[in-house]
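Reviewing the structure listed below.
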Amino acid sequence: MLEELTVKDFALIESDYLEFTKGFTVLSGETGAGKSILIGALSFLLGGKAEVSQIRAGKNEASVSGVFCIKPPAKIRQLKDDEEAENAYEWLESHGIQIENNRVLLRRFIRDTGKSGAWINDTPVTRTDLAQFSSFLVDIHGQHEHQSLMKVPEHRKFLDSRAGIVAEVDEFKKVFALLVEKRRLFAEYSMSESERLKKFEMMSFAIQEISEAKLKKDEDVTLEEEESRLISFEKIYSDVEEINNLLSSESAIIDLLKKARRSSSHLCEMDKSVSKLDERIESAFYELSDISDEFESYKRSLVFDPARLQQVQDRLSLIFNLKKKYASSVNAPLSEVFKYFEEAQAYVQENSDGNNKKDILAQEIKQLEKEVLQRATVISNKRKAAAQVLGPEVDSILKNLGMVGTKFGVSIKEKEGSELVQKCGPYGIDDVEFLISANPGSPLMPLAKIASGGELSRVMLALKTIFAQSDSVETLIFDEIDTGIGGEVAVAVGSHLRKLAQNRQIFCITHLASIAVYADNQIKIEKAVSGGITSSNVHEVRGEERVTEIARMLSGDSDTSQSLEHARTLLNKYSGGI
């Protein structure tokens, strides 16, 4: 749930801070006041496009931040490499981001240079990461980017949620992944015998050559450092000699410090106030004396060994050749040679059984194909059963939402292909897509291609009403939901939003009073001009100010007693008073 939102220099908004609560919140304002700008700012925060044009005129940076309260799941899984997070907590855990008091802070900025940045708590993240994580928090429906119904792959997720088979599909995905891996291994064994033997010999030779080299971790780095020292021996010796002369020769630093120390000690006997300075001179004397001794010891250890230089260079040449053969480049880290060695060992071990291993794989694949087909068929049947129920459910709600005569359907087609592996995907044998017929007698057509923004929002409202108990996204935002509706339909839309807000946090941009009066909270966006600069001001309206705003939405005039009384009556009836 979104608790706080701070927007600074974003589009027409100069600076706004808002606090939100649970329930149904309406955003209202006159046409052109900038209602969608606030949603645009939130979309930007959630990973939407970052563009320089979003920065307020005359400013060099726009920023948005938000605090979200996240309901902890009953259980947080420890994800494996091939597993995807199913909720916000799992995503944070898998990315090493800590959460305190069930709250998380999202921040994002865009500068006039085009540079942008984003954080989840104190951890910098990419736009992709931000969008992925925020998809667990907020779903925006309307003219902005978070339009789940425009993404056909999301339709399968909705249907699986309605069918109650999300966990079953996850298990199927694991079995299917195992089948794909077995097929890959089988293909390795199915290459021609000469090719297989050639690769086997090549890998065996690589194992022998790398083993004989007896490489050590980061050995190349250590040897390069030693080579540099040996090649630069004369210069190193000369520099050390000069340092020693400066430190400890007659009239050098230490000798001068010794004299200063004697004078300082004598002075201290006469005036105790300089005792601290005396201690510092003494400390400097001993420290430099110790440094001088260390450099003298280092000089005695310096030995130029041409034979050792040759050994180092020979060893580096060997490593160079190994990298050339088994790493991505000669400048690659030595770890890539070790990785190739491990891969070669695995290949040789897997292929040492020859055709016997191939026969074993063939049997395993046969069993897995049978299991995949059985599981996929069961899943497909459950999807079809759920689709039969989902269609009439959505139709009933759409009728109340002003889409009379609209028919909603679910297309479930078997994937194309001539073999099992081609017919089946990681989620089964089905291609799922939502269909809609907006007019009586018209055929069902793809929802993502046919429906308008307002229709998509109402279809989503219908789906979210149905899925309210199983969907984990807590904050829903509806934009353009009142397009082309009014009267009783608008009342029905408001009623549905209020019902949905019993278990979710709902935001809705609307110009209809018959929707706004159902809201628990109302935010007004106003446009103002000051000093020739236009800005949008955002604030919550309560009490009589809300009555005035509802009256304006009803008749365009908030000054008449009739419109004010009508507004007060509606608020008392649908919102429990003002």
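The values are calculated or read from the model by the stated rules, or taken from the named source; none is laboratory data. It should be emphasised that the depicted structure is a prediction, and the values quoted were computed from it without experimental measurement. Cβ placement follows ideal geometry from the backbone for every residue including glycine, while neighbour counts extend to all protein chains displayed. These accessible areas exclude ligands, DNA and RNA; they are computed on the full protein's heavy atoms, side chains included. Shrake-Rupley method; radii C 1.70, N 1.55, O 1.52, S 1.80 Å.
Remarks
- Selection count where residues are in a loop (DSSP other than H, G, I, E, B) and within 17 Å of residue 392 (Cα to Cα), scope the stretch 421-441: 4
- Residue that is least open to solvent (accessible area, probe 1.4 Å) [pool: residues in the stretch 146-169 that are at pLDDT 90 or above and among the acidic types (Asp, Glu)]: 160
- Positions within the stretch 1-36 being farther than 16 Å from residue 522 by Cα and open to solvent by less than 40 Å² (accessible area, probe 1.4 Å), in sequence order: 1, 7, 9, 10, 11, 13
- Breaking point among (1) touching a Lys or Arg at 6+ places or on another chain (Cβ under 9 Å); (2) assigned to a helix (DSSP H, G or I); (3) not basic (Lys, Arg), for residue 330: (2)
- Listed by position, the helices (runs of 4 or more DSSP H) inside the stretch 192-288 whose residues that are of a type in the set (Lys, Arg) and either out of contact with any Lys or Arg (no Cβ under 6 Å at 6 or more places or on another chain) or open to solvent by 50 Å² or more (accessible area, probe 1.4 Å) (or both) number at least 3 are 193-213, 253-270.
- Residue match in the stretch 228-245 (condition: closer than 30 Å to residue 341 by Cα, within 60 Å of the chain's Cα centre (by Cα) and touching a residue at least 24 places away in the same chain (Cβ under 8 Å)): no
- Hits in the stretch 425-460 (condition: modelled with pLDDT of 80 or more, over 30 Å from residue 179 (Cβ atoms) and surrounded by 21 or more Cβ atoms within 10 Å (Cβ to Cβ)): 436, 447, 459
- Hey, residue 464 assigned to a helix (DSSP H, G or I), free of Cβ contacts under 8 Å to residues at least 40 places away in the same chain, closer than 18 Å to residue 154 by Cα and of a type outside the set (Gly, Ala, Ser) or not: no
- Across the stretch 179-191, the qualifying residues are those that are closer than 11 Å to residue 351 by Cβ and not hydrophobic (A, V, I, L, M, F, W, C), and the one among them that is surrounded by the fewest Cβ atoms within 10 Å (Cβ to Cβ) is 188.
- Residue 396 free of Cβ contacts under 8 Å to residues at least 24 places away in the same chain, among the small types (Gly, Ala, Ser), open to solvent by 60 Å² or more (accessible area, probe 1.4 Å) and under 30 Å from residue 459 (Cα atoms): yes
- Among residues of the stretch 261-289 that are closer than 22 Å to residue 249 by Cβ, those with a beta-carbon under 8 Å from a residue that is open to solvent by 60 Å² or more (accessible area, probe 1.4 Å) and acidic (Asp, Glu) at least six positions away or on a different chain give the pairs 261/282.
- From the list 43, 15, 36, 53, the lone residue that is part of a strand (DSSP E or B), of a type in the set (S, T, N, Q) and either more than 21 Å from residue 529 (Cα to Cα) or out of contact with any helix residue (DSSP H, G or I) (no Cβ under 6 Å at 6 or more places or on another chain) (or both) is 15.
- Of the listed requirements (1) open to solvent by 20 Å² or more (accessible area, probe 1.4 Å); (2) part of a helix (DSSP H, G or I); (3) touching a helix residue (DSSP H, G or I) at 6+ places or on another chain (Cβ under 7 Å), residue 384 misses just one: (3).
- In the stretch 503-524, the residues that are over 18 Å from residue 549 (Cβ atoms), touching a residue at least 60 places away in the same chain (Cβ under 8 Å) and not aliphatic (A, V, I, L, M): 505
- Residues that are surrounded by 20 or more Cβ atoms within 10 Å (Cβ to Cβ) and among the small types (Gly, Ala, Ser) number at least 1 in the following strands (runs of 3 or more DSSP E) confined to the stretch 492-578: 533-541.
- Once the stretch 300-312 is narrowed to residues that are loosely packed, with under 15 Cβ neighbours inside 10 Å and in contact with a helix residue (DSSP H, G or I) (Cβ under 9 Å, 6 or more places away or on another chain), the residue that is farthest from residue 233 (Cα to Cα) is 308.
- Flag if residue 174 is more than 28 Å from the chain's Cα centre (by Cα) and open to solvent by 50 Å² or more (accessible area, probe 1.4 Å): no
Residue-by-condition table, conditions (1) of a type outside the set (A, V, I, L, M, F, W, C); (2) surrounded by 16 or more Cβ atoms within 10 Å (Cβ to Cβ); (3) more than 20 Å from residue 1 (Cα to Cα):
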{"position": "57", "(1), (2), (3)": "no, no, yes"}
{"position": "69", "(1), (2), (3)": "no, yes, no"}
{"position": "74", "(1), (2), (3)": "no, no, no"}
{"position": "86", "(1), (2), (3)": "yes, yes, no"}
{"position": "91", "(1), (2), (3)": "no, yes, no"}
{"position": "103", "(1), (2), (3)": "yes, no, no"}
{"position": "109", "(1), (2), (3)": "no, yes, yes"}
{"position": "113", "(1), (2), (3)": "yes, no, yes"}
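- Condition met for residue 25 (in a loop (DSSP other than H, G, I, E, B) and of a type in the set (S, T, N, Q)): no
- Within the stretch 289-298, tally of residues that are under 18 Å from residue 237 (Cβ atoms) and either surrounded by fewer than 11 Cβ atoms within 10 Å (Cβ to Cβ) or not aromatic (Phe, Trp, Tyr) (or both): 6
- Total residues in the stretch 291-316 satisfying the condition of being assigned to a helix (DSSP H, G or I), among the acidic types (Asp, Glu) and over 54 Å from the mean Cα position of the chain (by Cα): the figure is 2.
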